[in-house]
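Following: one structure in structure tokens, then a few remarks.
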Amino acid sequence: MNFEQNPKIEELLNSYIDDELSSDERSQVQRLIHENPTIAQRLKQLERCKALVSSLPPAEPPAEVVAGIKQLLRNRSTGAIASENAKQQGARHLFIRQVMAASIIIGLVGIFAAVVYKIVGPAETASPIVAVQPAPAFKPEVTPVETKTVAVTAAENSTGIGIYSLQLQTAEFAAVDAYVNKLLEESPWLRYEATKNEPGKSDYRILCSVGGLEAMMSDLAPVWSKFDSTKLIVRTDNVGEYVTVMSVRPQQIADIARQDTIDKRIKLANNFATINSVERIMPDEKMLAATERSMPELTTIPKPVLTSGSKNTVTAPKGAWDQVQVDLNIVVTGHK
Amino acid sequence: MNVEDAVLVQKWRKGDTNAIEKLVCKYQGRIYNLILRICSNPDDAAELLQDTIVKLIENIDKFQSRSSFYTWAFRIAVNLTLNYRKRKATVGFTSLDAESAADDKQARQGLAAILSDDKSPDPAQVAENKELCELIQKGIGKLDDEHRAIIVLRDIEGMDYEQIAEVLGTELGTVKSRLSRARAALRQILEAL
């Protein structure tokens, strides 16, 4: 008989030798054993196999292991007592810890809020705002926006909105200054004071409307290429804090003046400052491409070439006679 | 459930350290023997015994008195041992002890005689024959883990089928069929030694 093909008989025999059968089942198995010598032989094999394994002497754990377990139990009981004491102490200090944790969290939230406000706040000028996304393969080093506290002149403090200081430096001081003088003389919508205390330097304080400023910037455009350095300083809400736009262009000055709130003016000035700093280290075509992609509303006007020192325009441009909103200080200096 | 064990467990839960020691001392030898027969390595068995005791202490609050402390403790020991063997098998270790067991010719002849003899072996004589014991242990070590565990629980620890089912977390029918296959496999292994 192949017992592998009769697993039920094998199971019965095993249960028989393990005394796990009911009396009826036991009687049936005994009858089978009596009638079938193959089954009887198999039963003896199973019994011998079981007896062999059961004969293995019990292994005792090594003495050091038993000692280790005893130590473990002692430590455990000591630890349990210590744990109870710790629980009582912990409960006592829990409230203090919670209060401290809450204080720290509140402090951190406050600091975080201050940092966020500093970054996105309206008058923030210190953080570099990158308005231009450069071409993917080109990553220029952007010069941070130059923001610094400058000496505030009497003129800059005199009027409410739109205070600017435009500093222009040129190698052709005489020609350019003559052009500016003539421009101002022929623009009756501009009120201005000219101060020329030292050679090679002219200081103009101009009070005008936004339209008047736009017209003046348009008129200055033809000589703009004659300036080696152009710098616009725009006052922020914070007293004594300014945004400086290096390499500023006439159109940018007009655009900034056109903004109806200080926040917008500062934001635009910051953007121009960033754009111009990028432009200084970036080829023109890349700059234009980047500018047009990211800020289509910002345009770069071409720089006309000065062809004449005279200007004959006397017709008032649109809005030139509107209410005075701009107080601009222009400083033209030549090279020393 | 064993009444004495139940009382000790109650005392243990109330923090009686003597109760813990009594229970541990009562079963640690049998647990060690069980683990050793399954893993075939004394060092591993010692470590697993300590792990088992730690688990018992840590989980005594979770022990529900529906089963006996005895089967609960053995279940923890078997699970730890089988899991350990699985991890060991995963990283490619095998029990050296099982492979290096005595290969004595006399012992093998003795084993063959016992297996073919009509009379059952004398347990005392077998226990005295160290080489024969090592050969039997070697045979057990060649079984797969499921068969090894059930043979040890039944034939060495002497548990009944119901207790084995509890320890292994299986049905009674599974215990019967698995034990039957395990014994058949062990006989084949021993005959082949």
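The values are calculated or read from the model by the stated rules, or taken from the named source; none is laboratory data. It should be emphasised that the depicted structure is a prediction, and the values quoted were computed from it without experimental measurement. Cβ sites come from the backbone with ideal geometry, for glycine too, and all protein chains shown count toward neighbours.
What to note about this one:
- Matching option when the condition is farther than 16 Å from residue A:331 by Cα and not small (Gly, Ala, Ser), among A:222, A:199: A:222
- If you go through the stretch B:7-33 and pick out every residue that is exposed (fewer than 15 other Cβ atoms within 10 Å of the Cβ) and either within 7 Å of chain A (Cβ to nearest Cβ) or under 11 Å from residue B:53 (Cα atoms) (or both), you end up with 2.
- Checking the stated criteria, residue B:160 turns out not to satisfy the condition of being away from chain A (no Cβ under 12 Å), of a type in the set (Asp, Glu) and at negative phi.
- Filter result for residue B:175 (over 16 Å from residue A:14 (Cβ atoms) and either hydrophobic (A, V, I, L, M, F, W, C) or within 9 Å of chain A (Cβ to nearest Cβ) (or both)): no
- Matching residues, the stretch B:52-87, being away from every other protein chain (no Cβ under 11 Å) and of a type in the set (Asp, Glu): B:61
- Note on the stretch A:1-64: enclosed helices (runs of 4 or more DSSP H) holding 1 or more residues that are farther than 25 Å from residue B:114 by Cα and away from chain B (no Cβ under 11 Å) are A:23-35.
- Any chance residue A:76 is modelled with pLDDT under 80, facing chain B (nearest Cβ under 7 Å) and in a helix (DSSP H, G or I): yes
- Some residue of the stretch B:112-119 being surrounded by 17 or more Cβ atoms within 10 Å (Cβ to Cβ) and either facing chain A (nearest Cβ under 10 Å) or modelled with pLDDT of 75 or more (or both): yes
- Helices (runs of 4 or more DSSP H) enclosed by the stretch B:6-98 - at least 3 residues per element that are within 18 Å of residue B:146 (Cα to Cα): B:17-39, B:69-90
- Tallying residues that are touching a residue at least 24 places away in the same chain (Cβ under 8 Å), touching a Cys at 6+ places or on another chain (Cβ under 9 Å) and part of a strand (DSSP E or B) within the stretch A:162-197 yields 1.
- Within the stretch B:56-69, residues that are under 14 Å from residue B:7 (Cβ atoms) have Cβ atoms under 9 Å from residues that are among the basic types (Lys, Arg) and assigned to a loop (DSSP other than H, G, I, E, B) in no pair, counting only partners at least 6 apart in sequence or on another chain.
- Selected residue (only one of A:135, A:101 is farther than 20 Å from residue A:267 by Cβ and at pLDDT 85 or above): A:101
- Pair list, Cβ < 9 Å and 6+ apart or interchain, from the stretch B:127-146 residues that are within 30 Å of residue B:86 (Cβ to Cβ) and at the interface with another protein chain (Cβ under 9 Å from one of its Cβ atoms) to residues that are among the β-branched types (Val, Ile, Thr) and surrounded by fewer than 19 Cβ atoms within 10 Å (Cβ to Cβ): B:139/B:189; B:140/B:189
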